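Beneath this line is the structure, given in structure tokens, with notes to follow.
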Amino acid sequence: MVSVDINCDMGESYGNWEMGNDEGVMPYITSANIAADYHAGDPHVMRETVALAAEHDVGIGVHPGLPDRMGFGRRTMDASPEELRDFVIHQLGGIRVFADYYDLSMQHVKPHGAMYTMLSQSADHTRAVIEGLLKVDPSLVFVATDMNIYNVAQEYDELRSVFEGFIDIDYRPDGSLIVERKVGPRDTDLMVERFVSMALEDEIETPSGEVIEMPADTICIHGDGANAVEILEAIHAEKDEYGIELANLDEIVP
């Protein structure tokens with residue numbers, strides 16, 4: 001059997017504005033990346049999302065973003081490495097307190113949107129964030145959203161890190177993501193095919209036909225996708241046939 005984690009960005013609603021389908025998605029994933037009131041989320045949504053993850057035995061992580069609600073954390077800011085580190089630690093603290101409230105442990109950290117782009121483009125920013133996390137809680141798993149970030153993470157022997165792949169976002173041949181502002185329903189069969197290929201073969205096919213390396217131990221499926229629940233249901237229906245078992249990051253990363 002091959003073990004793989006399915007993660008999803010959660011808790012991105014706030015106030016009267018709803019984002020995603022957390023209740024529908026949560027039963028099918030193993031790790032939840034929870035927004036922490038910077039790019040999305042609010043204290044009530046944060047608490048409710050932590051509670052929902054606990055109900056379904058899903059690993060709890062923070063999904064730190066830039067302080068930019070209007071841009072949903074997808075616009076780059078002129079922030080120093082130290083400022084980015086402080087943004088991440090502050091948001092970690094927010095989710096961690098709600099985890100403590102339910103007597104739960106924090107599992108991981110996965111940067112959101114423009115923040116991970118900034119980390120990908122600057123090793124100094126990545127090192128500042130990692131060193132901050134190691135000082136706060138060295139047991140946390142750091143989810144690297146691309147190979148540039150992952151390579152920097154490998155400099156730290158004491159850091160638990162994991163490489164992430166996406167099945168519902170297309171890749172270019174160089175491994176970069178093709179992020180579209182609006183995406184309709186994805187082909188369910190294709191999503192299952194990508195999941196199996198990534199889990200078993202460490203690869204994925206680009207829209208132009210190239211097969212690229214994608215050695216991911218955690219696979220992201222976006223909960224705000226039009227047919228995210230349908231895709232997750234299909235993966236659960238097929239995974240046993242391919243010898244794939246689902247496990248959260250604490251079970252996968254030593």
### Query
Once the other residues with Cβ under 12 Å from the Cβ of residue 101 are scored (Lys, Arg +1; Asp, Glu -1), what is the net sum?
-1
### Query
So, with +1 on the Cβ of K and R and -1 on the Cβ of D and E, and no other charges, what is the size of the charge dipole of segment 82-169 about its Cα centre, to the nearest 20 debye?
80
### Message
Taking 8 Å as the Cα distance limit and 6 or more residues as the minimum spacing, I'd like the relative contact order of the chain as a percentage.
### Response
24
## Note on the structure
Measuring from its Cα centre, segment 2-252 shows a charge dipole (+1 at each Lys and Arg Cβ, -1 at each Asp and Glu Cβ) which, in debye to the nearest 20, is 880
### Query
Using 7 Å Cα-to-Cβ label points, what is the residue 100/residue 238 separation (nm, one decimal)?
4.4
#### Entry: Net charge of neighbours whose Cβ lies under 9 Å from the Cβ of residue 246, counting Lys and Arg as +1 and Asp and Glu as -1
-1
### Task
Take peptides 66-76, 117-127 and line them up by average Cβ neighbours within 10 Å, highest first, as a rough protection proxy.
117-127, 66-76
### Message
Placing +1 on the Cβ of each Lys and Arg and -1 on the Cβ of each Asp and Glu in the chain, which of 30, 179, 218 has its Cα farthest towards the positive end of the resulting dipole?
### Response
179
### Query
DSSP loop trypsin sites (Lys or Arg not before Pro) in segment 175-205 with at most 12 other Cβ atoms within 10 Å of their Cβ, which ones?
181, 182
### Query
Dipole of segment 2-252 (Lys/Arg Cβ +1, Asp/Glu Cβ -1, origin at the Cα centre): which of 89, 102, 153 lies farthest to the positive side?
89
### Summary
For segment 40-104, the dipole about the Cα centre with charges only on Cβ (Lys and Arg +1, Asp and Glu -1), to the nearest 20 debye, works out at 200
### Task
Determine by what factor the alpha-carbon radius of gyration of segment 1-155 differs from 2.2 N^0.38 Å, reporting the quotient.
0.98
#### Entry: Stokes-Einstein D in µm²/s, Kirkwood radius over Cα pairs - segment 211-254 at 20 °C with 1.002 mPa s viscosity
173
### Task
Compare the peptides 33-43, 167-177 by average per-residue count of other Cβ atoms within 10 angstrom and give them in order, highest first.
33-43, 167-177
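Computed from the coordinates by the stated procedures, all read-outs in this text should not be read as laboratory data. Just so we're clear, the structure is a prediction, and the values are computed from it rather than from any experiment. Every residue, glycine as well, gets a Cβ built from its backbone with ideal geometry; the counts of neighbours run over all protein chains shown.
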